[in-house]
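**Q** Before I ask anything, here is the structure I am working with.
The values are calculated or read from the model by the stated rules, or taken from the named source; none is laboratory data. Just so we're clear, the structure is a prediction, and the values are computed from it rather than from any experiment. Cβ placement follows ideal geometry from the backbone for every residue including glycine, while neighbour counts extend to all protein chains displayed. SASA here: full protein model, heavy atoms, side chains in, ligands and nucleic acids out. Shrake-Rupley method; radii C 1.70, N 1.55, O 1.52, S 1.80 Å.
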Amino acid sequence: MLQNLGKMVILTGSQIPLGELRNDGRYNLITTMMIAGNYNIPEVCILFNDRLLRGNRSTKVDIWGLNAFHSFNYPPLATVGVDIEIVAEPLPMPEGPFHCISEMDPNIVAIRIFPGLSSATLKELVRGTSVKGIVLEAYGAGNIPERKKEYVNVLSECVSKGIVIVVCSQAPKGTINMDIYATGQALKHLGVISGYDMTIETALVKLMHLFGRNLSAEEVKIEMEKNLVGEVTLHKTSQKKALKPPPEDSNLLQSYHSTYKYFRPPQPETMHKDVVNVMEYDLIAKLGD
């Protein structure tokens, strides 16, 4: 909304009401004023309990603790102790004049994948003709249940209608990689785009903002995969390498028993490469054999 922001905007508050004798509001307010008066970080920030966080990277994680907000995928912009230390690189100063874009398109929904979600329910959630964008809260690195083939059919129908679908993770830390699992690859093939490490809130607001600028669905897709104001870390994904069975002359048995000799008696003569289990495959990978 705040385009070409050249000044610092800090949001703060308190977990304990300011009217209470013991509260964190007074400290947060004083610290906020000191930072705002002595530093020029041209972005919207959150100051809570000794940490200055980038606003579009932050999520509220605690109801009762004083560290109410956390930035899982980007370090604090500054930490406050005896001194105020700038930790992360802030956004560069803008070149153009400041202006505000207040138009936001509300026709955006967030859909969380959960055990037991039926394809019929999913279809009802996106049935409205006014829906323009969906933030799909997937598992892990961006996958959905493999047995739910109907999910892909429903999402394919949405894409064909021009609805922009962005996949974000339900896990707060980490990034989407749609190349890892078959279902993620299927979504990518449909035209579903990655939200990388954006928070759910950021992905929603970004869609609202872009559609509020009257951009087309294709233009929104392009902008969603750009880092506009430090809200996302873009990266190149790679295919997950499949682990191959060990060769005939592998020294797996010797390495295996050398590592696990304290846990089970060595009986190499009774073992065969075809019965190596998943944990043993993991050992092979670590040994590079």
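**Q** Residues being outside any strand (DSSP E or B) and more than 12 Å from residue 126 (Cβ to Cβ): count how many of those fall in region 163-172.
**A** Of the residues in region 163-172, the ones outside any strand (DSSP E or B) are 163, 170-172.
Remaining after also requiring more than 12 Å from residue 126 (Cβ to Cβ): 170-172.
The number of residues fulfilling the criteria is 3.
**Q** Does residue 110 satisfy the criteria of being part of a loop (DSSP other than H, G, I, E, B) and either surrounded by 14 or more Cβ atoms within 10 Å (Cβ to Cβ) or not aliphatic (A, V, I, L, M) (or both)?
**A** No: the conditions fail for residue 110.
**Q** Filter region 221-235 for residues that are open to solvent by less than 70 Å² (accessible area, probe 1.4 Å) and not small (Gly, Ala, Ser) and give the result.
**A** Of everything in region 221-235, those that are open to solvent by less than 70 Å² (accessible area, probe 1.4 Å) and not small (Gly, Ala, Ser) turn out to be 221, 223, 224, 231, 232, 233, 235.
**Q** Among the numbered conditions (1) over 23 Å from residue 69 (Cα atoms); (2) surrounded by fewer than 24 Cβ atoms within 10 Å (Cβ to Cβ), tell me where residue 204 comes up short.
**A** (1)
**Q** For the subset of region 48-106 comprising residues that are of a type in the set (Asp, Glu) and surrounded by 13 or more Cβ atoms within 10 Å (Cβ to Cβ), which member is farthest from residue 199 (Cα to Cα)?
**A** Keep residues of region 48-106 that are of a type in the set (Asp, Glu), which gives 50, 62, 83, 85, 89, 95, 103, 105.
From what is left, the residues that are surrounded by 13 or more Cβ atoms within 10 Å (Cβ to Cβ) are 50, 62, 105.
Values: 50: 22, 62: 16, 105: 19 Å.
Selected residue: 50.
**Q** How many residues does region 8-36 hold that are under 19 Å from residue 87 (Cβ atoms) and small (Gly, Ala, Ser)?
**A** Residues meeting the conditions: 1.
**Q** Looking at region 1-103, what strands (runs of 3 or more DSSP E) fall wholly within it and have at least 3 residues that are out of contact with any Lys or Arg (no Cβ under 8 Å at 6 or more places or on another chain) and of a type in the set (Val, Ile, Thr)? Break it down stepwise before answering.
**A** Numbers: elements: 9-12, 44-48, 51-54, 78-80, 84-86.
Where strands (runs of 3 or more DSSP E) fall fully within region 1-103 and carry at least 3 residues being out of contact with any Lys or Arg (no Cβ under 8 Å at 6 or more places or on another chain) and of a type in the set (Val, Ile, Thr), they are 9-12.
**Q** While we're looking at this one, here's another question. Those residues that are under 17 Å from the mean Cα position of the chain (by Cα) and part of a helix (DSSP H, G or I), I need them from region 194-220; list them, please. Before the answer, list the steps.
**A** In the first step, residues of region 194-220 are kept if they are under 17 Å from the mean Cα position of the chain (by Cα); the result is 194-207.
Selection gives 200, 201, 202, 203, 204, 205, 206, 207.
**Q** Given the condition at pLDDT 90 or above and basic (Lys, Arg), answer yes or no: does some residue in region 143-160 qualify?
**A** There is no residue in region 143-160 that is at pLDDT 90 or above and basic (Lys, Arg).
**Q** Please give the number of the condition residue 155 fails out of (1) touching a strand residue (DSSP E or B) at 6+ places or on another chain (Cβ under 9 Å); (2) closer than 22 Å to residue 234 by Cβ; (3) touching a residue at least 12 places away in the same chain (Cβ under 8 Å); (4) not in a strand (DSSP E or B).
**A** (2)
**Q** Now for a separate question. Would a scan of region 30-44 turn up a residue that is open to solvent by 80 Å² or more (accessible area, probe 1.4 Å) and either touching a helix residue (DSSP H, G or I) at 6+ places or on another chain (Cβ under 8 Å) or on the phi > 0 side of the Ramachandran plot (or both)?
**A** Taking region 30-44 and keeping what is open to solvent by 80 Å² or more (accessible area, probe 1.4 Å), we get 33-34, 38, 40.
Restricting the remaining residues to those that are either touching a helix residue (DSSP H, G or I) at 6+ places or on another chain (Cβ under 8 Å) or on the phi > 0 side of the Ramachandran plot (or both) gives none.
The answer is no, given that none of the residues of region 30-44 is open to solvent by 80 Å² or more (accessible area, probe 1.4 Å) and either touching a helix residue (DSSP H, G or I) at 6+ places or on another chain (Cβ under 8 Å) or on the phi > 0 side of the Ramachandran plot (or both).
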